[in-house]
Amino acid sequence: TGNEPQAAVSSPAPAATEGNDVPGEKVVIGFSAPAADHGWIAAIAKNAEATAKRYGDVEFRPVQPTNDVNQQISAVESLIAAKVNALVILPNDGQQLNQIARRASDAGIPVVNLDRVFPDKLSYRTWIGGDNYGMGVAAGHYIGAALKEKNVADPVIVEIQGIATLPLTQDRSKGFADALKTYGFRVTAQQDAQFTVETGTSVASNLLQAHKKIDALWNHDDDQGVGVLAAINEAGRNEFVMVGGAGSANAMREIQKPDSVLKATVTYSPSMASSAVKLARLIAQGKGMGDLVENQVPQSITLASETITRENVERYLPLGFES
Amino acid sequence: MSELLVMRGIVKRFPGVRALSGVDFSVRAGEVHCLLGQNGAGKSTLIKILAGAHRPDEGTVTLGGEQVRMAGPPDAIRLGVATIYQELDLVDGLSVAENVFLGHEHATFGFTRRRAANRAAAALLARLGHPEISPAMEVGRLAPAGKQVVSMARALSHDARVIVMDEPSAALAHDEVRGLFRVIRELTAQGVAVVYISHRLEEIREIGDRVTVLKDGRTAAAGLPARDTPTGRIVSLMTGRKVEYVFPPRRVAAFGAEVLRVEDLTVPGVCSGVSFSVRAGEIVGLAGLVGSGRTEIAEAVYGARGSTGRVYVDGRPVRRGGVKRAVKLGMGLAPEERKAQALLLEESLARNITLGSLPRYSRLGWLDRRRERADAAGQIKALDIRPPDPDRPVRTLSGGNQQKAVLARWLINGRRLLLLDEPTRGVDVGARAELYAVIRGLTDAGIGVLLISSEVPEVLGLADRVLVIREGAVVHQADAADLDEHRVLDLVMAAQDGTPHKEEPGD
Amino acid sequence: MTNHSIRRPGRPYTGAGLLGAVGRARHLGLVAALALLAVVGLVTVPETFATTSNLVTVLALAATIGVITVGMTFVIIGGGIDLSVGAVMALASVWATTLATQSYGPVVMVICAVLVGTGAGLLSGFLISYGRMVPFIATLAMLVAARGLAERMSDRRTQLLQPGNSALVDLSSGRVLGLPPIVFVFAAVVVAGWVVLNRTTFGRRTYAVGGNPEAAKLAGIDVRKHTMLLYGLSGLCCGIAAVIIMARTTTGSSTHGDLYELDAIAAVIIGGTLLTGGRGTIGGSILGLLIFTLITNLFILNGLNTSDQLIAKGLIIVIAVLLQRRSLRSRTQRDP
Amino acid sequence: MTNHSIRRPGRPYTGAGLLGAVGRARHLGLVAALALLAVVGLVTVPETFATTSNLVTVLALAATIGVITVGMTFVIIGGGIDLSVGAVMALASVWATTLATQSYGPVVMVICAVLVGTGAGLLSGFLISYGRMVPFIATLAMLVAARGLAERMSDRRTQLLQPGNSALVDLSSGRVLGLPPIVFVFAAVVVAGWVVLNRTTFGRRTYAVGGNPEAAKLAGIDVRKHTMLLYGLSGLCCGIAAVIIMARTTTGSSTHGDLYELDAIAAVIIGGTLLTGGRGTIGGSILGLLIFTLITNLFILNGLNTSDQLIAKGLIIVIAVLLQRRSLRSRTQRDP
Ligand SMILES: Nc1ncnc2c1ncn2[C@@H]1O[C@H](COP(=O)(O)OP(=O)(O)OP(=O)(O)O)[C@@H](O)[C@H]1O
Ligand SMILES: Nc1ncnc2c1ncn2[C@@H]1O[C@H](COP(=O)(O)OP(=O)(O)OP(=O)(O)O)[C@@H](O)[C@H]1O
Ligand SMILES: [Mg+2]
Ligand SMILES: [Mg+2]
């Protein structure tokens, strides 16, 4: 929804970190992420860049985003060769890029691993990312509770995943299934889309045909959710509860509407990219995190996955990303 | 009589070749003007300039007293010049009627009026003596002769002042040429000028009024009377030397052992129960009308077409395993449509020549390119292929030289048996005589030849023995010396009412 | 004269009346494959498959690529190929949903999408016919550039339709005679495509340009202009497809139509159009497309997972084509 | 022998020694484009572009698709097309990294990848030559099925190399004469491809089969078998590429090689090989590929934003091709 004027970059106000925000030594931060072919990743890239720009002591060096692992490896290689002071990497696949991250670390360049995790702890200095499993759990709990409340027995629960081959998708689904199990429910049907609006529409419209009555639907990604909602409206269906994922501004506005099937979304905020750049700067400058006692930035930071509903949506709106 | 069309000082250069270097050519209304010349003399190039398909580098074209400049084929069509090209210029996926009217369709606001087009096409086809060709039929399903008829219908469909025909008879059978001539006479009677290109001198004698001879891209002689100029003079104008338009003498010695033996060959729907044999040193000719199934017989013998029956080369069976086995056993086929079936047009002459004998030049798959080139060059010289440049893409050679390249492919490779399907189609008089000598020379070396030709004199003159094919069956078999043209034509065209022709034993 | 004597009897020329029958026979394999899929649907998911709403869903799904497939059929019959269709559709959808365009209302948006599509198509066509570029490369360049431009224009965001323009959404969610209007748009494009291809000089010349460009040129056809127009037509179809996708997803986005080129080309080729040009039918392409769409629909109705879907899809393609080949072979027997 | 007598004087025999010169002339446009890119690199990012490590990066990146491009060149010269390359590479990488295979050590893994690739290629080839399927469709089916199978085998997970098999990783991270071994693998495949295409009967037949299959058949070449072998060769290259990608990423995955088919085909065509078959060179394909790789590299070094990159890439493709066309036209003038 790029039609609205761009909301301010979603990152927490630098209140307590005042001390850390004073200019330090000049550092070059390299940044590599998958191709920004959908809203969430686009928000990641934008947040990272915008945050970097706010610091006079940071030279931001993004490389061509790509969905090809082979190319991302080369991109990171070129950053290593350019001897940047720190690297922020959101790999297409943590395992496939592990080797090159490891090479960076071995070359003395601290790597801030964003979101998709490298299997080898020697490959990165700090990991920051969302909680995919937790997302599934949050969505599962919301749906489980809602259905229990309505006293539905043997509910039809449909899940629309993102790209099926990503580990994060598998984590989300596992969390979702595990949480549902605690209510004695299970997923009736599961299909994967490609994180794009259009694939969301086609998968959803077919799924709606397969199940004439649905009780709950979890869609992993609010970007493709635009398409899923379009398909639901087109089919004129509203008998079920829908939960989204990631927390886009658009989804939040939808949640605000009383008649929308979208009742909630579980966050997976791209603000993590802003934090990652901040962390990279601190690490490169040898600083710690102001609020913490330690002198150094921690080794891993997992964002909580929060559940946004009509009750609390006002609070989250400013953080929502425009998909 | 005034000249309707005058071309003066026409020069056309292609990269590396000067196809025309100053041609003068003029045609009167109501005459049939024949254009003669060896392969590569520049006939097709000249008429393509007339048709607007090529732009001349120098020279002028005057039509009806006005100098014209043609930017493309539409200009020529508008000025009243219609052309039947040497290479069939039809679209296989369209119907006969659509091909006839391609570019000037019967249409209202862009919507085609198919009924009107079909009717008009049917009328044209009937005028050409082919009412049996349906205007709605897909052209791709027609035999070459049928396509030629459609090309002619297209030329007639334009209200033309000049109709150019580039070797229209090459794909036609004897009686079809007759139909063509009737139409040409009708046209000239209406004052249309016809430019007629052919390598068959008899045709020129019959239909032509005047003759212009091209040689090496220049006008060697213009406006000769077609009927009275002695053949020797025409040939020497074309070739620059004296060529005897005669067939080489037959061998008198006895033939060798049987090279090819065909028993009970049947191609479903085309031919059935065909049996014959070819002996070493013998030329066996297949005479028949277009569509009688001669090509299919040759292809079936060669293993390129599904069939039943038995084929032996030197007593060894050639069945299953297809063409590869046939080639291995020493057969070679020069197919009827050389561009579509024989040549790699973009590849060099040398590579085309050695295509059939790659195993000869390879050791463990590795090519001995020096020997390959040397052998190819040898054949180019032996057959006098012009220009004698082994690296020139075959596409840029004239038709006759392309045909020689196909022959060279098999000569290089020491064959036991050659199947030649219309080997002289589109080949000029001089080259033809050379080809005849080459073919005869092969048999002297002990090779057997199966010759298919639609020109009866050629079959009679070159073959030792003739098989007459009608509707896919051998209806007669005799020594060539015992047959004459009338007898053969009688045999090939005999009505289907249980004709009394008995099969006679060979020899 | 005596010509009848030179034709072997028993081998009649296929006359006009028979052409239709041949046409039908030509698609026999495809129709068989489609019928087979329908039977599979009726057997495995009887209660959901044959419902009106499911058939509407299949048609609505087919509509977007379907419209593109019509344009692609023209291009391929004309001897070319258009890899840029998905990207051009995305660009058209993005351009039509910019705030500036949206402020003029739905009609202008539709016109904008169609113009952008046609313009992009004509540009590819220009590069191919006057710039003498290979179609594969020129349209690949257009693919890359159009996606890039779409990303730039949209700042990589999904552009939602403004509330005032919901008339556009009614194209998909409204019902006319029980069907969403986009299905009629799809049908109209198919019919128009068929008429143009079979009943106009433009269509017939397309066969000539693809089948034998040299002959077409000699017949006085402006092959270059015609080629350019073919790509323009394909672009026009992409523009219409953009309208459909906007109606269906309520958005314009640079990610729309990813890999549509492969699906459209595959549908055209399965439908019996030759990649070498000069032959093909709109009907075959649409049948090919419906097969693809139905396969996906059946898989999802049956709850198959995507990996298995992929394997099965590969097998089905092979089987459908082999079936078709068999039905073709029995008509025109060829040499081995 | 007596060759000198029949040669036209002004036109020297293009023997082995001169082949290079002709090759250079033929690819003049490509070389110019490459040089232009190099100049752009030297001007915009002088301190990073011309470093050894950057050149190694470029070559290592080019290696995977490069190997595939060699196979693709054969297939396209032979008149076909192979859409399945990326998927077959992925399948080979997954198969070779299953735990069962990994337990036999790196040598078996390499053999496994190569065999799987070749097998898949031969299967496509079989469908095309003996099943008479259109190459586009047969290899599309193989693409879909191979990805599905790879997803199934790997359970959609990325399969890491076991520590015991790190010898494979050395192919990418080790250095021989200052270069990673995969660069030598790439070079070896290119040289082998060139030799086979230009110096063996197999290569000569490939041109014949692609240029005029009917003529090839009548000249005694087993066109079907040869066609099948061509796809087998392409599959073999995919197997080798799988080894390279395993070395580079330390993983096997069903997502490897996504859309490599487009890149490889584009490189081949930019390199001057005709999609209609019968003509083309390995050298051109590799130049085409290096251009693509260099463009990417320059973009990375310059930190351009993606959308602009896409637009620029589209323009560069057009310019490179037009450049090449110009250099070609000046050599062989055409009629209007
Ligand atoms: N497009 C072309 N490019 C290069 N050379 C050409 C081209 N067309 C014709 N030529 C050359 O021009 C010369 C004249 O060819 P043309 O086809 O006019 O001969 P022709 O008299 O029609 O011969 P034929 O009797 O064999 O048809 C030949 O040397 C031929 O190789
Ligand atoms: N591939 C084909 N499919 C259908 N019919 C064919 C095919 N090839 C040939 N025919 C038909 O078979 C018949 C025999 O043709 P064939 O070419 O053998 O005749 P021919 O005696 O060799 O005459 P020509 O002088 O033209 O070579 C013709 O009626 C022709 O139309
Ligand atoms: Mg000629
Ligand atoms: Mg014949």
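What to note about this one:
- Scope the range B:142-154; condition surrounded by fewer than 22 Cβ atoms within 10 Å (Cβ to Cβ) and either part of a loop (DSSP other than H, G, I, E, B) or away from ligand 4 (no atom under 16 Å from the Cβ) (or both); matching residues: B:L142, B:A143
- Positions within the range C:100-138 being small (G, A, S), within 9 Å of another protein chain (Cβ to nearest Cβ) and in a helix (DSSP H, G or I), in sequence order: C:A138
- Residues of the range B:391-421 that are within 16 Å of ligand 3 (Cβ to nearest atom) and within 14 Å of the chain's Cα centre (by Cα): B:S398, B:G399, B:G400, B:N401, B:Q402, B:Q403, B:K404.
- For the residues D:L171, D:L177, the requirement of being out of contact with any helix residue (DSSP H, G or I) (no Cβ under 7 Å at 6 or more places or on another chain) and away from chain B (no Cβ under 14 Å) singles out D:L177.
- Filter result for the condition that a residue is away from chain D (no Cβ under 13 Å) and over 23 Å from A:S300 (Cα atoms), over A:R125, A:R54, A:R61: A:R54
- For B:D57, the conditions (1) buried (at least 16 other Cβ atoms within 10 Å of the Cβ); (2) more than 25 Å from the chain's Cα centre (by Cα) all hold with the exception of (1).
- Selection within the range B:155-172 - within 10 Å of chain C (Cβ to nearest Cβ) and crowded, with 22+ Cβ neighbours inside 10 Å: none
- From D:G164, D:G131, D:G125, D:G119, residue being over 30 Å from A:I163 (Cβ atoms), modelled with pLDDT of 95 or more and among the small types (G, A, S): D:G125
- Test: B:E66 is more than 11 Å from every other protein chain (Cβ to nearest Cβ), surrounded by 17 or more Cβ atoms within 10 Å (Cβ to Cβ), away from ligand 1 (no atom under 16 Å from the Cβ) and among the charged types (D, E, K, R): no
- Qualifying residue in the range A:120-128 (condition: hydroxyl-bearing (S, T, Y), open to solvent by 20 Å² or more (accessible area, probe 1.4 Å) and either within 21 Å of the chain's Cα centre (by Cα) or under 24 Å from D:S166 (Cα atoms) (or both)): yes
- Considered as a group, the residues in the range A:70-83 that are open to solvent by 10 Å² or more (accessible area, probe 1.4 Å) and not small (G, A, S) include one that is nearest to the other protein chains (Cβ to nearest Cβ), and that residue is A:E77.
- Contact map, the range B:1-17: first residue farther than 20 Å from B:T60 by Cβ, second residue part of a loop (DSSP other than H, G, I, E, B) and within 16 Å of ligand 1 (Cβ to nearest atom), Cβ cut-off under 6 Å, separation 6 or more or different chains; pairs are B:P15/D:T332; B:P15/D:Q333.
- Against the test of being in contact with a strand residue (DSSP E or B) (Cβ under 7 Å, 6 or more places away or on another chain) and either buried (at least 24 other Cβ atoms within 10 Å of the Cβ) or touching a residue at least 60 places away in the same chain (Cβ under 8 Å) (or both), the options D:T227, D:T206, D:T250 yield a single qualifying residue, D:T250.
- Residue-level check: of (1) away from chain C (no Cβ under 14 Å); (2) polar (S, T, N, Q); (3) closer than 23 Å to B:D75 by Cα, B:S151 misses just (1).
- Within the range B:293-321, being within 25 Å of the chain's Cα centre (by Cα) and either within 16 Å of ligand 3 (Cβ to nearest atom) or open to solvent by less than 10 Å² (accessible area, probe 1.4 Å) (or both) holds for B:G293, B:I297, B:A298, B:A300, B:V301, B:Y302, B:A304.
- Just one of the listed residues (D:L160, D:L149, D:L171, D:L140) is under 30 Å from C:V268 (Cβ atoms), open to solvent by 30 Å² or more (accessible area, probe 1.4 Å) and in contact (Cβ under 8 Å) with a residue 12 or more places away in the chain, and it is D:L149.
Results for (1) touching a residue at least 40 places away in the same chain (Cβ under 8 Å); (2) open to solvent by less than 20 Å² (accessible area, probe 1.4 Å); (3) not hydroxyl-bearing (S, T, Y), shown as yes or no for each residue.
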{"position": "B:S21", "(1), (2), (3)": "yes, yes, no"}
{"position": "B:V27", "(1), (2), (3)": "yes, yes, yes"}
{"position": "B:L35", "(1), (2), (3)": "yes, yes, yes"}
{"position": "B:K43", "(1), (2), (3)": "yes, yes, yes"}
{"position": "B:I47", "(1), (2), (3)": "yes, yes, yes"}
{"position": "B:P74", "(1), (2), (3)": "no, no, yes"}
{"position": "B:I84", "(1), (2), (3)": "yes, yes, yes"}
{"position": "B:D92", "(1), (2), (3)": "yes, no, yes"}
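- For the residues C:L298, C:L310, the requirement of being more than 28 Å from C:L197 (Cβ to Cβ) and within 14 Å of chain D (Cβ to nearest Cβ) singles out C:L310.
- Of residues in the range B:245-269 being under 22 Å from B:P423 (Cα atoms) and open to solvent by less than 20 Å² (accessible area, probe 1.4 Å), the one farthest from ligand 4 (Cβ to nearest atom): B:V259
- For the range C:258-277, the set of residues classified as modelled with pLDDT under 90 and open to solvent by less than 30 Å² (accessible area, probe 1.4 Å) consists of C:A266, C:I269, C:I270, C:G271, C:T273, C:G277, listed by residue number.
The values are calculated or read from the model by the stated rules, or taken from the named source; none is laboratory data. Quick caveat: nothing in here was measured; it's all calculated off a predicted structure. Note that we place each Cβ from the backbone using ideal geometry, even for glycine, and neighbour counts take in every protein chain shown. Accessible surface areas use protein heavy atoms only, side chains included; no ligands, DNA or RNA. Shrake-Rupley method; radii C 1.70, N 1.55, O 1.52, S 1.80 Å.
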